[in-house]
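Heads up, the thing below is written out as structure tokens.
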Amino acid sequence: MSAPAKVTVATLRARKAAGERIVMVTATDYSLARIADEAGVDVLLVGDSLGMVALGYDSTLPVTMEEMLVFTRAVVRGATRALVVGDMPFLSYQVSLEEARRNAGRFVKEGGAAAVKLEGGADVADAAAAIVAMGIPVMGHLGLTPQSVHAMGGHRVQGRDEEGARRIVEGAQALEAAGAFAIVLEGMPRALAARVTAAVRVPTIGIGAGPGCDGQVLVAHDLLGLYGGHRPKFAKRYGDCGGEAARAFRQYCDEVRGGLFPDEEHSYD
């Protein structure tokens, strides 16, 4: 049996044209990436949400390029089919176009990613265009953008009024004009996400944006029940891996303390 075809930017464009949904999850390490890849996930996003779920920060803001590159390399080693996208962390693309180009290049050259993601609309269109001009695919991110959490006054749903909705639609069009191959829509009313999806020719991938997008993304740790912190309304839990891991650790502790492990089966003659 031949290996499944590698997912590319062109694959995602074709999916939108054919009306086929795109599946994306975040991944933080080799094992999670391998499992998701084998399950048929199309896109693995090495999201800066790893700041909370893997590094224990209280937001995405402290995450550095060096940290992102370590996790990106691990995910790339676990993926054989899925498209791997590196999430550009805070201050890696906002300061200057030169910095944006350099750091995007590092994700590809040092991290092995096939594309990068950045947050913002018209305000980051120049950075997106500069990165695309280097031959690096760019994924946009609109709506609730966690790197702007302080400006937004917290993790609040965006685009509830017409002015905010218009900014998001125009931001999506600006990203498309800059050459973005896809756009994440986070934390917005479902009607607005559907409006954005109809306004652009590139795929939209929703997270807390309703069913009208061309695809969906969830943080793997939320999906699997591995993260014990705040779980937003949109984060459907498909498994309780955290609960099962806790049970296994407790049993291990009991067996070691009770002299039951290691037994004959798990010892060498």
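Remarks
- In Å², nearest 10: area of F261 left accessible to a 1.4 Å probe: 80 Å²
- Exposure of H230 as accessible area (Å², to 10), given a probe of 1.4 Å and all protein chains: 150 Å²
- Extension gain, R13 to Y30, is 3.4 nm, computed as 0.36 nm per intervening residue step minus the present C-alpha separation.
- Model label points for E20 and Y57, set 7 angstrom from Cα along the Cα-to-Cβ axis, are 3.6 nm apart.
- Its residues counted as N, the chain yields a C-alpha radius of gyration over 2.2 N^0.38 Å of 1.08.
- Separation in nanometres of the label points that stand 7 Å from Cα toward Cβ, at S96 and D123: 2.1 nm
- With Rh defined as the Kirkwood radius, the inverse of the mean 1/r over Cα pairs, the Rg/Rh of the range 50-143 is 0.95.
- Residue-count net charge about R15 - beta-carbon cut-off 9 Å; Lys, Arg +1, Asp, Glu -1: 0
- For the range 172-201, trypsin sites (Lys or Arg not before Pro) meeting the loop criterion (DSSP other than H, G, I, E, B) and having at most 16 other Cβ atoms within 10 Å: R201.
- Amide H contacts of K117: G86, D87, M88, M139, each under 5 Å away and 5 or more positions distant or on a separate chain (H built 1.01 Å from N in the peptide plane; Pro and chain starts excluded).
- Cα-based Kirkwood hydrodynamic radius, the range 149-269, one decimal, Å: 17.6 Å
- Here the label points at K109 and T64, each 7 Å from Cα along the C-beta direction, are separated by 1.9 nm in the simple model.
- Heavy-atom surface analysis with a 1.4 Å probe gives the chain a carbon and sulfur content of 55 percent of its accessible area.
- Solvent-accessible area per residue in the range 226-269 equals 92 Å², computed with a 1.4 angstrom probe and all protein chains kept.
- Taken over the range 67-203, the ratio of Cα radius of gyration to 2.2 N^0.38 Å equals 1.04.
- ³J(HN,Hα) computed for each position of the range 121-134 - Karplus, 6.51 cos²θ - 1.76 cosθ + 1.60, integer Hz, glycine/proline x: x, 4, 5, 10, 4, 5, 5, 4, 5, 5, 6, 4, 5, 7
- For the chain, lysine pairs with C-alpha atoms less than 20 angstrom apart, excluding pairs fewer than eight positions apart on the same chain, total 5.
- Directionally averaged projected area (convex hull, Cα atoms, the range 215-269), nm²: 6.0 nm²
- The Kirkwood hydrodynamic radius of the range 1-105, based on inverse pair distances between different Cα atoms, is 14.7 Å.
- Just so you know, the Cα atoms of the range 49-95 work out to an Rg and Dmax of 11.4, 34 Å.
- For the range 1-96, the solvent-accessible area with a 1.4 angstrom probe is 45 square angstrom per residue.
- In a fully extended conformation the segment linking H230 and R250 would gain 4.8 nm over its present Cα-Cα distance, using 0.36 nm per residue.
The values are calculated or read from the model by the stated rules, or taken from the named source; none is laboratory data. Remember, it's a predicted structure, so these values are computed and weren't measured experimentally. Glycine also receives a Cβ, built like all others from the backbone with ideal geometry; neighbour counts cover every protein chain displayed. Side chains included, ligands, DNA and RNA excluded: accessible areas come from the protein's heavy atoms. Shrake-Rupley method; radii C 1.70, N 1.55, O 1.52, S 1.80 Å.
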